[in-house]
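Just below is one structure, and these are the notes that go with it.
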Amino acid sequence: MSANNYKVSAHQIRFFNENGYLLIEDIISPKEVHIYSDIYNGFLEGAINTGKNRGDLGAGLGNPGKGESITQIMWPSDFMPQLLSMPYHERVLAISRELLGDDMDFDFDMLISKAPETNTPTPWHQDAAYWINMPDTRAVSCWMALDHATKDNGCMWYGAGSHKLPLRPHRFAGKEGGALVCDGSEEEGIAIEIRPGSCIFHHGHTLHYSRGNSTSGNRRAFIVNLRPAAMIALEREQGHDHGRGNASDRKVRNL
Ligand SMILES: O=C(O)CCC(=O)C(=O)O
């Protein structure tokens with residue numbers, strides 16, 4: 001995947017280093033939002049069969065007997081490789097290199113969708129709790145909204161500066177093998193409501209969470225995760241690929 005030019009300012013880089021997250025408005029244009037929205041719906045509605053890569057991140061957390069609580073589809077770009085050379089992935093890669101260095105590379109992508117009235121929060125966690133220990137802890141995730149993300153439908157909340165603190169102990173929030181949770185509360189977080197096509201970058205150690213979707217609309221997010229190329233190679237050597245064809249590839253190191 002090549003990175004096209006996308007400049008962030010020195011102030012934005014400082015903000016990211018200080019707080020562990022960074023809002024980027026309109027990473028894709030309104031016209032591009034329509035294109036991505038159609039692709040996303042193709043995945044959600046099953047026009048693209050994602051088999052075992054589709055799961056319920058909210059299993060055991062809410063919505064019993066009513067279908068998926070939080071739909072998670074791992075590796076959409078495996079099913080549609082052209083995504084890798086489309087604007088979102090290319091711009092995310094470019095920005096990740098500006099934020100964390102030229103050796104940042106694409107690790108994996110995923111879709112996380114909260115259907116109307118599913119009312120299932122994504123528990124407080126730090127992404128690094130899902131990963132193997134890595135000597136180089138640089139990692140960043142980009143969370144792009146395809147619907148207006150609001151507190152009521154599940155916008156992201158972040159613990160500012162939490163990426164600088166040690167990883168908190170995590171445990172399974174619901175079903176074993178499902179979502180992880182650590183201590184955290186809205187009092188220590190900041191909610192970031194964004195419009196479709198805007199996104200937030202967060203560091204792999206930044207504490208975050210989202211409320212459930214209690215509205216009658218969708219809350220769709222397209223997420224791309226990046227880390228140094230050498231750390232991706234290390235993960236693969238150790239057999240970790242973030243659920244590529246195997247939704248149970250979830251290694252927890254802090255239980
Ligand atoms: O979309 C959500 O509710 C959670 C997303 C998340 O935890 C992440 O992107 O790391």
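The values are calculated or read from the model by the stated rules, or taken from the named source; none is laboratory data. None of these values were measured; they are calculated from a predicted model. Cβ atoms come from the backbone with ideal geometry, glycine included; neighbour counts cover every protein chain shown. Surface areas here come from the heavy atoms of the whole protein model, side chains and all, with no ligands, DNA or RNA. Shrake-Rupley method; radii C 1.70, N 1.55, O 1.52, S 1.80 Å.
Things to note:
- For the residues Thr122, Thr215, a 1.4 Å probe over the protein chains yields an accessible-area ranking, largest first, of Thr215, Thr122.
- For the chain, with all protein chains in place and a probe radius of 1.4 Å, 50% of the accessible heavy-atom surface sits on carbon or sulfur.
- Å² of accessible area per residue within segment 130-171, as computed with a 1.4 Å probe and no ligands counted: 40
- Legend: residues Leu180, Leu84, sorted from most to least accessible area (1.4 Å probe; ligands, DNA and RNA excluded), read Leu84, Leu180.
- Solvent-accessible area per residue for segment 25-65 (1.4 angstrom probe, square angstrom): 54
- Surface accessible to a 1.4 Å probe, Ile95 within the full protein complex, Å²: 0
- Relative contact order, whole percent, for segment 10-237 stands at 32, derived from Cα pairs under 8 Å and 6 or more residues apart.
- Whole-Hz Karplus values for segment 200-211 come out as 10, 8, 10, 5, x, 9, 6, 5, 8, 6, 9, 6 Hz, taken residue by residue from phi with 6.51 cos²θ - 1.76 cosθ + 1.60 and θ = phi - 60°; glycine and proline positions read x.
- Local electrostatic count at Ala94 - Lys and Arg +1, Asp and Glu -1, tallied over other residues with Cβ under 14 Å: -2
- Where Met104, Met231 fall by accessible area, highest first, once all protein chains stay in place (1.4 Å): Met231, Met104
- Too-long pairs where the Cα-Cα distance tops 20 Å, listed order kept, from Lys66/Lys175; Lys52/Lys151; Lys7/Lys114; Lys52/Lys175: Lys52/Lys151; Lys7/Lys114
- Here the Karplus relation 6.51 cos²θ - 1.76 cosθ + 1.60, evaluated at θ = phi - 60°, turns the backbone of segment 191-197 into coupling constants of 8, 10, 8, 9, 8, x, x Hz, with x for every Gly and Pro.
- Test item: Cα-centred dipole of the chain, Lys/Arg +1 and Asp/Glu -1 on Cβ, debye: 300
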